[in-house]
1. Taking 0.36 nm per residue of separation and subtracting the Cα-Cα distance, what length does fully extending residue 115 through residue 172 add?
2. How would you rank 132-141, 319-328, highest first, on the average number of other Cβ atoms within 10 Å across their residues?
3. Quote the FRET efficiency, to the nearest 0.05, computed for residue 303 versus residue 197 with a Förster distance R0 of 30 Å and r equal to the Cβ-Cβ distance.
4. Take the Cβ-Cβ distance between residue 338 and residue 165 as r, set R0 to 22 Å, and report the resulting FRET efficiency rounded to the nearest 0.05.
5. Going Cα to Cα from residue 196, which aspartates and glutamates come in below 16 Å? Please leave out same-chain ones fewer than 8 positions away.
6. Please turn the phi angles of region 52-57 into ³J(HN,Hα) values with the Karplus equation 6.51 cos²θ - 1.76 cosθ + 1.60 (θ = phi - 60°), one per residue in order, whole Hz, x for glycine and proline.
7. Cα centroids of region 49-74 and region 195-245: how far apart, whole angstrom?
8. For region 230-318, what does the alpha-carbon gyration tensor say about shape, rounded, prolate or oblate, given a ≥ b ≥ c as the root eigenvalues, a/c under 1.5 as rounded, and a/b over b/c as prolate?
Amino acid sequence: MKIKENSAVKKIIKMPVGYTILTISDNYDLKRIAIKGSISKGRRYIYMYDKDTDLVNSIDAEVKISNENGLKIVAYGDYIIHDAEYVLLDCKKKILNDNRMFKSIEDRVKVDEQSKSNLEIERITKQKDKEIADLQQKLKERENYYTVDRLTRLSDIKKDLVLGEVTCYSYSSGMRDRGRYFGGYQMTSTSNVTKKVKNNGIKFVIEKLEIISELYNSDAFSNNRLHTLLEKIESLETKARTKYDEETLNSIQSIYGLIAEELTIRLINLCNHIRNNNIKTDELTYEETIYRYGTKFYDDESEYEEIEKIDNYFDSIIEGACTFIERITNQNIKDELHSRLHQEIEKPKEKRIG
């Protein structure tokens, strides 16, 4: 019987014999209890289910009914009555089965809620672990950028400044057995030509600037300390590769600054000399044999040669030096040098007599 008003409850709980079965709830769970005889007399026997022992126990307690379908079992607590029914015979088995059903439902709900909670915790944990891993990776990359990778960046400053086109010539000759149908042993030869690109660094650039300066009768690169400073950098790089040391890398960067400063001054002096002497730099060419190998054994002979050529030789060397300086100082001096090379020399004014 569904409880709708207090009068319906009172009609059942006043039955003098039998049992009143109530569905009640508190702030925690839903349960079924039975009250023997009329509740209106106050103190009665109450049959309640114990979850821990899975038994129905009888207690002797005072029972009170409120006007809002409230049930008070003195010393046990306050409850809300949801429905009520009357039975004549013993109801312990019904109470036990109903409460077991409630407990089963409650346990399943708890398992589902725990499962959902575990899945949510797992999802959040994975997300946080990923965020932490990503952050650690970023921190590691940032640490490497300012530590280990810094040596690589410093070393790369002096590389790949001037590109040269290398032509590779190979030749071989000797007696070969061509078979009886082709004349047997005959002198044969083969040749092949391939090309590749050569990346030249700052050492190459400085060497060529010294040669050009001497060729143009300029002392712009005489008695320079550029090679000595480069050797110092190479020594410090070797030390840094063995064991990372920030002070060593700071020293390398400082020496680069000294090279850039001296190279800038000497480039300006060379360009001034070229302008003042009206030297045509576009007539300067570069084609050099950079490797040669040959062997001869009786009639067998082989040769291999690499010849490097650089187009727009003078401009390429100057641009390579300017690129090196810009990598260190973030200043582009190409326009400044270009303007010096092509600046017109002011002619002295003629003196008039009389």
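Every number in this text was worked out from the coordinates using simple rules, so none of it is lab data. Values in this document were obtained by computation on a predicted structure and should not be read as measured data. Note that we place each Cβ from the backbone using ideal geometry, even for glycine, and neighbour counts take in every protein chain shown.
1. 12.6 nm
2. Details: 132-141: 10.0, 319-328: 20.2.
Ranked by mean Cβ neighbours within 10 Å, highest first: 319-328, 132-141.
3. Efficiency, from the Cβ-Cβ distance: 0.85.
4. Computed FRET efficiency for residue 338 and residue 165 comes out at 0.35.
5. 160, 165, 287, 288, 305, 306, 308, 311
6. 5, 9, 6, 9, 9, 10
7. 98
8. oblate
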